[in-house]
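As structure tokens, the structure follows; a few thoughts come after it.
The values are calculated or read from the model by the stated rules, or taken from the named source; none is laboratory data. Just so it is clear, the model here is predicted, and its values are computed rather than measured. As a convention, Cβ positions derive from the backbone with ideal geometry for all residues, glycine included, and neighbour counts pool all protein chains shown.
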Amino acid sequence: MRRGLWFLAGAGIGVYAMVRGRRAAEAFTGEGLHDRWQALELGARLFRDEVATGKAEAEARLRERFGPTYDPQRQLAAPQPDASSALAAIDSSNDFQEGPQ
């Protein structure tokens, strides 16, 4: 019985090593590397989509919680003064007096 047990253990280890070796050899062929690269691209694309979905959901929750929706057409714009009126306002506001020197 002992010899049979050791024979089966050795055969199992041999099969396991053969399968692992074949997988490792396949991984470093041109096709294997191409497949791994494509899997990496797919993973990155899925991650990007998950992040975009999470961002949209979080933004919707925040908008719902904190108030009115954002409408890009209804932005308030501050009037832009021209340069000459800005300089005139600065010159007229210089009411400081210099101290003794």
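Out of (1) within 28 Å of the chain's Cα centre (by Cα); (2) surrounded by 10 or more Cβ atoms within 10 Å (Cβ to Cβ), what's the single condition that is false for Gly21?
So Gly21 meets the others, but not (1).
Being surrounded by 10 or more Cβ atoms within 10 Å (Cβ to Cβ), more than 32 Å from the chain's Cα centre (by Cα) and not hydrophobic (A, V, I, L, M, F, W, C): is that true of Gly43 here? Steps first, answer last, please.
Working: surrounded by 10 or more Cβ atoms within 10 Å (Cβ to Cβ): yes; more than 32 Å from the chain's Cα centre (by Cα): no; not hydrophobic (A, V, I, L, M, F, W, C): yes.
The answer is no for Gly43.
Across segment 57-78, what is the number of residues that are modelled with pLDDT of 85 or more and of a type in the set (A, V, I, L, M)?
Adding up the residues that qualify gives 3.
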